[in-house]
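Following: one structure in structure tokens, then a few remarks.
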């Protein structure tokens, strides 16, 4: 079994945290893992892309070929669309609908949502609002991970929650609880159909 995942967003949104948690859960399940950050992680506000390859057998390359990603998980709608050339025909896009307007000619939000709606397999949610309602406005990335956990397949949601506990343990129990609440809220919203799901 193998999953090729592209994580996308804007610097400072928490893409690295998602990658670390997925990686931790994968290693906990004795899966093989390759990861590559392809764009400017260190630049806050710049575009971010990370490739994650998980498999029950050895993986030789850390980069996902175009047309082969099983999932695009994006904290920003324009960034989700940017990486569609990497998506497999039956692949899923799980994305935040809230734009991060970081360029002067940022596309109109309605057009972005129209393009997302054309995809055969998409979960589009306002994870910023989900995190706020869960009482953890800084955990939108964990709400997105929760929404994605239902289609990850290779990783169980409970393993991902264990990964959250491990990664945020040094920040204290309150931070761990806040991130788990956001994760669970994202999972519930995706399952209950409050997002656009196909």
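Looking at 145, 112, just one residue is over 29 Å from residue 29 (Cα atoms), in contact with a helix residue (DSSP H, G or I) (Cβ under 7 Å, 6 or more places away or on another chain) and buried (at least 17 other Cβ atoms within 10 Å of the Cβ), and that residue is 112. Checking segment 167-182 against the condition returns no match, with no residue being out of contact with any strand residue (DSSP E or B) (no Cβ under 7 Å at 6 or more places or on another chain), crowded, with 18+ Cβ neighbours inside 10 Å and not in a helix (DSSP H, G or I). Filtering segment 99-128 to residues that are assigned to a helix (DSSP H, G or I) and within 16 Å of the chain's Cα centre (by Cα) leaves 116, 127, 128.
Here residue 22 meets the list (1) within 14 Å of the chain's Cα centre (by Cα); (2) loosely packed, with under 14 Cβ neighbours inside 10 Å almost entirely, failing just condition (2). Filtering segment 1-15 to residues that are closer than 19 Å to residue 64 by Cα and either crowded, with 17+ Cβ neighbours inside 10 Å or out of contact with any strand residue (DSSP E or B) (no Cβ under 8 Å at 6 or more places or on another chain) (or both) leaves 3, 4, 5, 6, 7, 8, 9, 15.
Bear in mind these aren't lab numbers, they're just calculated from the coordinates by the rules spelled out. If you're wondering where the values come from, they're calculated on a predicted model, not measured in any experiment. We place every Cβ from the backbone using ideal geometry, glycine too, and count neighbours over all the protein chains shown.
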